[in-house]
Amino acid sequence: MDRWKYLLLGALGTGSAMAQLTYPGCDAVQSTDFVATEMLNRRGDNGAVKDPDMSEPTRMDVQVINKNGLYDHTNIFYVERLGNVKFFDGAAKTVTLMGKINVRGVSDNGLMGIVLDPNFETNHWLYLWYSPNQLVRKNKQLQLSRYTVKSDNTLDMLSEKVLMKFLANTVDEWHSGGPMAFDSYGDLWGAVGNNSGDLSVDSCTKGYSVLSQTDSTSSAEWGSSNTASLRGSFWRIHPDSSAKGYSIPHGNFGEYWADEFERQGKPAALVAQYRDPLKVLPEIYVKGERSNFSIAVHPTKRWLAWGTVNYAGSNDEFNLTDHPVFTGFPYFHGNNVRTCANGQDSAAPKNTSPMNSGVQDLPPATPGVLNYGMGGWAVNVAIGGPIYFFDRSLNSDVKFPPSFHNKWLIGGFYDFSKKGGLYIASIDSTTLKIANTLRVDNGIFSGFKVRNYIGAKYGADGALYILNYDGYYNSTINPGVMRVTYKGNCKVPLSAKAVGRPRNAGYQKIWLSQLDLKVGEPGAHTFTLFDLNGNKVYSTKGIQDAQYLFSDLEAKAGIKRGVYLVKVETAAGEFVRQASLL
């Protein structure tokens, strides 16, 4: 599992900033290349639209509106913890209340998540994650609901479709989840914290151990390490118009680990448990989380990235994976540091608690790819952000430059001295390591300051949208949304002819990258692209040393950016790979 080793090559300051964010033919990025515009905030400061009642915004989504192929304005949909769903009209410069959800708004409970359906313009679907208000304390719930937005930009309250609803903690008010994101497949991903009574100083007895049997819902072994519970997890579903409202994508936690354990020759009984939907909920993608209040899904590669807040700031972590994992909580956190003297083995953790209704034998605990304690970081509360995808076909004068491609924006909520620290993490895409990090709020983004960063998204215009929480619970300082645009001179499309390393040991003369395919195998061959439904979208014949530029395929065959199945047939056999093409 050395792919998960922590690797910090760059300085956290600004000394190496320009060297890390360059692109052939372009000048190094400068702070003057970026402009931040306050779109809306509570006070109406800096020319922003004023929302005088804005308080505790937890999540947002952005809708970029183009007219005649050109950017016109951006609408913002956002939610507040105590139940308000609001709409910022970027054309009219107004804020209106779309509806109010009846929530149980205590601490981390409330209205915690919002995301628009990828086909929002036609189906008008909007998804909310919240804790409904209930009179009976022991019936606390967490749920995902889908609403239809009416033509006047208000919620059709009668349209609510409850997709997921499950029992939450009876006594604890923390880590209820909420972050959600769609990928290019139309799959919806979401985060749920452990929602357990683990904040006691006596965490070893009240956080998860078998000594907390008096109230099973206070135990993280009933949640975070319980594969029959959605608590302490990331889930993945595919929303649809069926009676249930969604289906299960292939390759989630249970299916993945059943296949992996079977490949490893593990007992058939264990494999069968992982295939049992009662023992491992089919919606689960990642288990072993505590407070995972952020999410990013790479638009084409489907990397899942997030920040996790643990018991101590020195053990907070940022995580990145391309397959289902168990991240260790409540037995381990950070760089697989034991939370207690629990005797657990990170290579083979077990949940033997009487509160556990899932499998006992868990996958190896996966440490974070970036851990505070190993880098001397000063920030607190790990909040992940989006991964940038440079779209060379996007006609936008403000999109971020290609030097940000596959860079991950991360931050810290409680970095009060700087009001929320922002960093750019460079990802080594061949091993999914963090190759280096760069502080940007006192470097290339030094022209503006965030105010307790709680999340961000890249819009369809290639600009960055940042949600400022600005305060703690019952925040009334100056929360708001800002838009960061690029005004530098690097407008060159991403067209480098870099050839990737061979991806298949049996085909040392076939190279595949996001930009092109090169076939060095002797003789004739056939190159075919299939879409995700198995439909052939392009096919051609070639001979040795042929190179296929995907940019050419866009012009010849209308191939757009996205995920495809690449197949090369040679005399030696078939080379088949899934690829995300720029």
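What's the local net charge at residue 147, with K and R +1, D and E -1, over the other residues with C-beta under 9 Å away?
So the surrounding residues net to 0.
Note down the net charge around residue 350, summing +1 for each Lys or Arg and -1 for each Asp or Glu among other residues with Cβ under 13 Å from its Cβ.
Net local charge, residue 350 excluded: -3.
Determine the alpha carbon to alpha carbon distance for each of 165/287; 399/457; 509/541; 433/560; 266/433 and list only those over 22 Å.
433/560; 266/433, as the Cα separations exceed 22 Å there.
Can you tell me the accessible area per residue over segment 235-332, all protein chains present, probe 1.4 angstrom, in square angstrom?
33 Å²
What is the diffusion coefficient of segment 72-127 in µm²/s, taking the Kirkwood radius over Cα pairs and the Stokes-Einstein relation at 4 °C with a viscosity of 1.567 mPa s?
Stokes-Einstein gives a translational diffusion coefficient of 105 µm²/s.
Can you send over the carbon and sulfur percentage of the accessible area for segment 228-346, probe radius 1.4 Å, protein chains only?
The value for segment 228-346 is 51 percent carbon and sulfur by accessible area.
Using 0.36 nm per residue of separation minus the Cα-Cα distance, give me the extension gain between residue 556 and residue 67 in nm, one decimal.
173.4 nm
The values are calculated or read from the model by the stated rules, or taken from the named source; none is laboratory data. Everything quoted here is computed from the prediction, not taken from an experiment. Reconstructed Cβ throughout: ideal geometry from the backbone, glycine too, with neighbour counts over all protein chains shown. The area values use the complete protein model at the heavy-atom level, side chains included, leaving out ligands, DNA and RNA. Shrake-Rupley method; radii C 1.70, N 1.55, O 1.52, S 1.80 Å.
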